[in-house]
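Heads up, the thing below is written out as structure tokens.
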There are 2 protein chains.
Amino acid sequence: MTNEIKIKQFKKGTEILRAGEVSKYCFKVLKGCLKSFTIDKSGKENIIQFAPEDWWISDLDSFINEKPSELYISALEDTEVAYINKVDYDNFKNLSSADLFEEVKILTKNIVWQNKRLILLLGSTGEERYINFIQTYPKLYERLPLKMIASYIGVTPEHLSSIRKQLSRK
Amino acid sequence: MTNEIKIKQFKKGTEILRAGEVSKYCFKVLKGCLKSFTIDKSGKENIIQFAPEDWWISDLDSFINEKPSELYISALEDTEVAYINKVDYDNFKNLSSADLFEEVKILTKNIVWQNKRLILLLGSTGEERYINFIQTYPKLYERLPLKMIASYIGVTPEHLSSIRKQLSRK
DNA sequence: CGAGCGCTTGATTGAGTTCAAAAATCGTGG
DNA sequence: CCACGATTTTTGAACTCAATCAAGCGCTCG
């Protein structure tokens, strides 16, 4: 197996992937934080994922099947990533069982994580999702501006502001 | 590798997993249809996933980590499944690279699928999600009662009914 | 110091829920 | 094969939670 992992830096604010382009890379964040998001019909940005240290991020569908991406990816902070390209990824099938098993574990974690988000989006209020966010990602809560968290949990910044106010009355 | 896949039938309406129990199995549907769902604070049922033919379903977090399930699973139709238990699943690490690679592909598909749901839930209206559902799962649309589809796309049955009415005026 | 960004506040609007009840459909036993 | 009860779907009115709109405050950084 050849080690084809490469390293790259992005300055805060860098646009790394634009919807419509094919996602050529899969990133693992070493330092800093990236986000993936859509922009819907009304022009609103919806954050699908934050990727702080040790998380990986990509538009998997676009990356694997080489189709236009639905997601944008950009840097929320100065960020350092390890990344892999499609050709190297396809060589996965030549990896050892141990490495593939590792990959299975990483993917499984992602499924569990996304599933929890689906459960929250379908069955809880904005307030509940906000509380859950703080408890689940206390570090991110300190690092990210309120409007990013609002977008992630699916409410407007104004509404999150009022949620906060209510919660502080206790 | 031992083939530890077993077959089982469920009658329509059977409760297969209850939230709070540990999910002992991972099911692959051969015939019929299962659903996984939560019941939120207000008692409302929120459908997380439908599993018609060839889909697999489980509370993965509960199954893998042997913790109490957040999800319920039940049979929407008379259903036949293949299932695997935890011990056999753990033997995955002894599988061939080819088999593990296959597993990676299955998991990747699940991630892509869940990701599309997240995008829809965060960035579209009930009407858009309904149209998307019909286009993505025309077969399911024929088989399932409206209230199930409503729960899946995150609106009330009453509202879905009115969405339908609006769409039919064309 | 001023421009811009992030956060808050309050007034207004609107998409979707709730509630209640009628109409349609389904399924099961006689 | 029909009848009747149960479930599902439709309808409409009242309501509610969150979005939108608009304005103002406080920081920071250029």
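The numbers here are math on the coordinates, done by the rules we state, and not lab data. None of these values were measured; they are calculated from a predicted model. As a convention, Cβ positions derive from the backbone with ideal geometry for all residues, glycine included, and neighbour counts pool all protein chains shown.
In this rough spin-label picture, where each label sits 7 Å from Cα along the Cβ direction, the B:Ser168-B:Lys44 distance is 2.4 nm.
Only Lys, Arg, Asp and Glu carry charge here, each on its Cβ (+1 for the first two, -1 for the last two); on that basis the protein assembly as shown has a dipole of about 1140 debye about its Cα centre. In this simple spin-label model, placing a label point 7 Å from the Cα along the Cα-to-Cβ direction at both A:Glu15 and B:Ala98 gives a separation of 4.6 nm. Evaluated at q = 0.09 Å⁻¹, the base-10 log of the normalised Debye intensity for the protein assembly as shown, with identical point scatterers placed on the Cα atoms, takes the values -0.53. Where a ≥ b ≥ c are the square roots of the eigenvalues of the C-alpha gyration tensor, would you call segment B:1-97 rounded, which needs a/c under 1.5, or, failing that, prolate if a/b is larger than b/c, or oblate? It comes out oblate by the Cα gyration axes. Mean residue ellipticity at 222 nm, helices only, chain B: -13000 deg cm²/dmol; runs of at least 4 DSSP H residues each add -39,500 (n - 2.57), and the sum is divided by the number of residues. If you build a Gaussian network model of chain B, linking Cα atoms that sit under 10 Å apart, which residue out of B:Lys67, B:Lys109, B:Lys24 swings the most? With Cα springs under 10 Å in chain B, the top fluctuation among B:Lys67, B:Lys109, B:Lys24 is at B:Lys109. The distance from the alpha carbon centre of segment B:44-68 to that of segment A:95-170 is 20 Å, rounded to a whole number. Rg/Rh, computed from the Cα trace of chain B with Rh as the Kirkwood radius, has the value 1.00.
Seen against the Cα atoms of chain A and their longest principal axis, helix A:157-168 is set at about 60 degrees. Can you give the percent of C-alpha pairs in segment B:1-50 whose distance is more than 18 Å? I get 42 percent for the Cα pairs in segment B:1-50 exceeding 18 Å. Among the GluC sites (Glu not before Pro) in segment A:21-67, those placed in a DSSP loop whose Cβ has at most 15 other Cβ atoms within 10 Å are A:Glu21, A:Glu53, A:Glu66.
Determine, for B:Thr136, A:Thr38, the number of other Cβ atoms within 10 Å of each Cβ, and report the residues in order from fewest to most.
Result, fewest neighbours first: B:Thr136, A:Thr38.
Taking B:Ser151, B:Ser124, B:Ser36 in turn, the Gaussian network model of chain B (Cα-Cα springs below 10 Å) assigns the largest fluctuation to B:Ser124. Residue by residue along A:36-47, Cβ atoms of other protein chains within 10 Å of the local Cβ number 3 on average. Computed from phi, the 3J(HN,Hα) profile of segment B:72-82 under the Karplus parametrisation 6.51, -1.76, 1.60 (θ = phi - 60°) reads 9, 10, 8, 9, 7, 9, 4, 9, 10, 10, 9 Hz, with x in place of Gly and Pro. A simple spin-label model places pseudo-atoms 7 Å from Cα toward Cβ; at A:Lys8 and A:Tyr89 they are separated by 1.3 nm. Can you bin segment B:129-170 into rounded, prolate or oblate? Criterion: square roots of the alpha carbon gyration tensor eigenvalues sorted a ≥ b ≥ c, rounded for a/c under 1.5, prolate for a/b above b/c, oblate for the rest. Oblate is the answer for segment B:129-170, as a/c is 1.5 or above yet b/c matches or exceeds a/b.
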